[in-house]
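The values are calculated or read from the model by the stated rules, or taken from the named source; none is laboratory data. The shown structure was predicted, so the numbers you read here are calculated from the model rather than taken from an experiment. Virtual Cβ from ideal backbone geometry, glycine too; neighbours counted across all protein chains shown.
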Amino acid sequence: METQAAEAKRVDFTAMSRGELEEFAAEKATAVVALEAQVKSYEELLRKANAFRFGASSERHVSSGQLSIFNEAEAEQSCDAPEPKRADVVPPPKKGKRKGHRQDLVKSLPKETAEYVLTDEDRICPKCGGELSEMKTVVRTEVVFTPATYKAVDHRTKVYSCRRCDKEGTEGTVVVAPSPKGMFRNSLASPSLVAGVILGKYGLALPLYRQAQEMGRVGFPVGRNVLANWVIKAAEDYLSEVLRHMQKSLLSCRVLHADETTVEVLKEDGRAATATSYMWAYRTGACEGRQVVLFRYAPGRGAEYPKAFLEGYSGYIHTDGYSAYRVLLKTTGAGPPTDIVFVGCWAHARRKFTDIVKGLKKSETIAGTATEKALAFIGRLFEIEKAAKEFAPEKRHAYRQKHAAPVVDAYFAWCKEIQPKCAGDSLLKAVNYSLNQEDDLRAYLLDGRLEISNNLAENAIRPFCVGRRNWLFADTPEGADASAACYSVVETAKANGVDPFEYLKHIFTVFKDADTAALDMEDFMPWSLALPDCCRRKGEPEALAS
């Protein structure tokens, strides 16, 4: 039985004139085209979502025509050239592990030696009865692991009084033997324990409940809420002064990177538990001698948050083009910055086109398309940047002006030419992104200290994103602030080649017995030469990825 809606859609074609029938058919044909385009768009979005969820995360793409566009030497090589002589052909190096590779891996570890020898009774030849002589020593190296151990240390402080004063009835003298203070009042926490908990969560992405489980397994059944209180208290009492000085150092640099990512905070006044909050990340450029990575928690993504943090800053700021940073902008121009110059991210511009590739059907290809040419342009810029990476800033700037600037000019001229001809929403959005960000994307050519992308900020924020997958959310705003403080200290220590655990332990040990207002905070920065040798990482400092 047909429904009323179906009956309402029935059309009496017999009552229509020829003109009405043609008009009706044209209207339906237009609707079909629109629906097909909509379905195609939805299919593309689905393929992109599947590629994001299941595909490789790398954005590298080598198109079939990328080399031929720019490498004229390879494109124009002669096929009639004579074959090289056998003596001129150099065989490729053999693949395999480099000699001494294992020893390089363990060169920073403490060494112990276990020696195995024959007894005098065993050093008799079983054939002739003669004495066996030592021929050589075979060395086999292995690395031994000892699980973390916890021990309780009783600090017994003697208290002394004057018995003569007691006998004479005068006010007695009481003297307490000098002893170190505890980190927190009436707490079991020690500098090494709190440093280990912070490193576990913010350096190794181990949630507090997992750390509490491991502590209970070895005989120390402390609650997760206790560990959380230690972290928050340590951030408030010990790390706040360090972070203030780090922020001062960061704002004195001429090149910064900025980015932000989401975080969920459950118990925040006036906001639902599912409301989206943000963790903002700021870091110095690779050219700066002092590497600073700072995180700041904010309940939103509005312009007021970067404005409050970067108030008074003058220099270059790398961003992904997010408009909230524009509130900082007053004047721009070529040459040395008088206020703020925003530097765009070519990795984001490239991502718009790689997303198109991810949305293609298996039977489709980008060969000969605008997407292929765009990726070729941007790929060439990254190739030039790879060659210029080892140069000093002045030479890098000159190299970019000679090699990269013409490619940038050609790319934007091509974008303006292709924009009216773009077929498909994805391609139009990708081209529009580049054109809307043209000034920012060109800005990296102004100074050799600048980067072609904002990958430094993205790499700095990645440890937070990895940890968020494990601990999922922050319980309170105080916990989110403590997380920002701990991530800042741990990541800044790593960026300066300092062991985060030893660095935190050093700060806690000194600060708990000192008046921090009387200390020179510069001596306690991760880049300070005044830090003890134990804080220096035994391995290589973390490389600055760009």
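Structure values in brief
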item: Members of the range 226-276 that are in contact with a helix residue (DSSP H, G or I) (Cβ under 7 Å, 6 or more places away or on another chain), of a type in the set (Val, Ile, Thr) and part of a helix (DSSP H, G or I); result: 231, 232, 242
item: Residue that is farthest from residue 294 (Cα to Cα), among those in the range 157-189 that are out of contact with any Pro (no Cβ under 7 Å at 6 or more places or on another chain) and touching a residue at least 40 places away in the same chain (Cβ under 8 Å); result: 180
item: Unmet requirement for residue 450, which otherwise passes all of (1) in a helix (DSSP H, G or I); (2) in contact (Cβ under 8 Å) with a residue 60 or more places away in the chain; result: (1)
item: Some residue of the range 437-444 being aliphatic (A, V, I, L, M) and either touching a His at 6+ places or on another chain (Cβ under 9 Å) or crowded, with 18+ Cβ neighbours inside 10 Å (or both); result: yes
item: Residue list for the range 461-494, restricted to those being within 15 Å of residue 228 (Cα to Cα) and of a type in the set (Asp, Glu); result: 475, 478, 481
item: Residue that is surrounded by the fewest Cβ atoms within 10 Å (Cβ to Cβ), among those in the range 264-286 that are within 16 Å of residue 457 (Cβ to Cβ) and of a type outside the set (Phe, Trp, Tyr); result: 286
item: Filtered residue count, the range 287-324, keeping only those that are assigned to a helix (DSSP H, G or I) and surrounded by fewer than 21 Cβ atoms within 10 Å (Cβ to Cβ); result: 7
item: For residue 209: the one exception among (1) surrounded by 11 or more Cβ atoms within 10 Å (Cβ to Cβ); (2) touching a residue at least 40 places away in the same chain (Cβ under 8 Å); (3) hydroxyl-bearing (Ser, Thr, Tyr); result: (2)
item: The range 359-387: number of residues that are acidic (Asp, Glu) and within 17 Å of residue 455 (Cα to Cα); result: 2
item: Flag if residue 127 is outside any loop (DSSP other than H, G, I, E, B), of a type outside the set (Gly, Ala, Ser), exposed (fewer than 10 other Cβ atoms within 10 Å of the Cβ) and without any contact (Cβ under 8 Å) to a residue 24 or more places away in the chain; result: no
item: Top-ranked residue of the range 470-502 - restricted to ones that are among the acidic types (Asp, Glu) and in contact with a Pro (Cβ under 9 Å, 6 or more places away or on another chain), ranked as nearest to residue 286 (Cα to Cα); result: 491
item: Filter pass, residue 152 being under 40 Å from the mean Cα position of the chain (by Cα), at pLDDT below 85 and closer than 30 Å to residue 214 by Cα; result: no
item: Qualifying residue in the range 400-418 (condition: touching a Gly at 6+ places or on another chain (Cβ under 9 Å) and modelled with pLDDT of 95 or more); result: yes
item: Checklist (1) surrounded by fewer than 24 Cβ atoms within 10 Å (Cβ to Cβ); (2) free of Cβ contacts under 8 Å to residues at least 60 places away in the same chain applied to residue 493, failing item; result: (1)
item: The range 455-489: number of residues that are surrounded by fewer than 18 Cβ atoms within 10 Å (Cβ to Cβ), more than 14 Å from the chain's Cα centre (by Cα) and among the aliphatic types (A, V, I, L, M); result: 1
item: Residue 322 vs. criteria over 14 Å from residue 477 (Cβ atoms), of a type outside the set (A, V, I, L, M, F, W, C) and in contact with a strand residue (DSSP E or B) (Cβ under 8 Å, 6 or more places away or on another chain); result: yes
item: Candidate set: the range 496-528, residues that are hydroxyl-bearing (Ser, Thr, Tyr) and within 15 Å of residue 238 (Cα to Cα); chosen: the one surrounded by the most Cβ atoms within 10 Å (Cβ to Cβ); result: 503
item: Some residue of the range 370-388 being assigned to a loop (DSSP other than H, G, I, E, B) and either modelled with pLDDT of 85 or more or charged (D, E, K, R) (or both); result: no
item: Qualifying residue in the range 416-428 (condition: over 23 Å from residue 40 (Cβ atoms) and buried (at least 17 other Cβ atoms within 10 Å of the Cβ)); result: no
item: Every pair of residues 6+ apart whose Cβ atoms lie under 9 Å, when the first sits in the range 301-323 and is β-branched (Val, Ile, Thr) while the second is surrounded by 17 or more Cβ atoms within 10 Å (Cβ to Cβ) and in a loop (DSSP other than H, G, I, E, B); result: 317/310; 319/344; 319/345; 319/454
item: Test: residue in the range 341-350 that is modelled with pLDDT of 90 or more, among the charged types (D, E, K, R) and out of contact with any helix residue (DSSP H, G or I) (no Cβ under 6 Å at 6 or more places or on another chain); result: no
item: Members of the range 243-263 that are within 16 Å of residue 301 (Cβ to Cβ) and either among the aliphatic types (A, V, I, L, M) or buried (at least 17 other Cβ atoms within 10 Å of the Cβ) (or both); result: 258, 259, 260, 263
